[in-house]
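Heads up: the structure comes next, in structure tokens.
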Amino acid sequence: MTTGVAAGPLPAARKETFCSSCQARAKGMCAALAEAELSGLSAISRSRVLASGLPVIREGEHADAVYTVTSGMLKLFKMLPDGRQQITGFASAGDMIGLSYGDSFAYTAETITAATVCRFPRNGLSTMMARHPHLQGRLLAMTSIELTAAQDQILLLGCKNAAERIGSFLLALARRAEGTAGDPQPTVFLPMQKTDMSAYLGLRPETLSRQFRKLEDAGLIERVAADRIRLLDPDALSDMAGRVA
């Protein structure tokens, strides 16, 4: 199947990741395990460091493992018959990718930035869940959060205008970003291409640029770097983004 991403296997692991020192532990499935329980997970996991633009999983390939993102950002997409990509989401530290009901991956995950992922073979993870039922509960909770996000995305695409879509997207990124809790003016990281962001939000690239300028002119956001936006008034942005008419 043509996926539009570079072919070839993932780069070899540099070293085993010890779960107890993982930067994403508190946000990922490992949060379900006590310190003494992490050795089993460490034994089956392998850390992989990837440059930007490389696939971690590819749509249609055998789903033999799941992955936790420990650093960096990835885009998730499905391929249309004409070769276009439909962006279905973005994954960052703590997110799991590759969870699949069937035997093949339902989407492609490709690095946007340099990234580190932790690989867990499905059979080994199943054994861990049998030994530690609370790990299974954590995965269920994470799946529920993912389902809620998908429902929010349906609402965004079906009911919100361009400015509301962008506001909702920025606020969601701010909630997920590390180090922004309690920050009255959080900064969000936007490393993705404009075409990917606009595709995810169901907007034309020129509409995306125009709406960003309007939000800046309104004093709601400030561009502090090419890939970073500061939310100057998150409450006002939330009020604006919350409208669905």
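The values are calculated or read from the model by the stated rules, or taken from the named source; none is laboratory data. Remember, predicted model here, so these are calculated numbers, not experimental data. Every residue, glycine among them, receives a Cβ derived from its backbone with ideal geometry; neighbour counts consider all protein chains shown.
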Item checked: Residue list for the range 195-245, restricted to those being surrounded by fewer than 16 Cβ atoms within 10 Å (Cβ to Cβ) and touching a Phe, Trp or Tyr at 6+ places or on another chain (Cβ under 7 Å) -> ASP227, ARG228
Margin query: Take the residues in the range 103-116 that are surrounded by fewer than 21 Cβ atoms within 10 Å (Cβ to Cβ) and small (Gly, Ala, Ser); name whichever of them is farthest from the chain's Cα centre (by Cα).
Written below: SER104
Check: Which one of these does GLY98 not meet: (1) in contact with a Phe, Trp or Tyr (Cβ under 9 Å, 6 or more places away or on another chain); (2) at pLDDT below 90?
Finding: (2)
Notebook entry, point to check: Can you find even one residue in the range 206-214 that is more than 30 Å from ALA31 (Cα to Cα) and either touching a Ser or Thr at 6+ places or on another chain (Cβ under 6 Å) or in the same structural domain as GLN86 (by TED's automatic domain parsing) (or both)?
Noted result: yes
Item checked: Residue within the range 164-174 that is farther than 15 Å from LEU99 by Cβ, over 18 Å from the mean Cα position of the chain (by Cα) and among the small types (Gly, Ala, Ser) present -> no
Item checked: Selection within the range 117-128 - crowded, with 17+ Cβ neighbours inside 10 Å and either touching a Phe, Trp or Tyr at 6+ places or on another chain (Cβ under 6 Å) or free of Cβ contacts under 8 Å to residues at least 24 places away in the same chain (or both) -> VAL117, ARG119
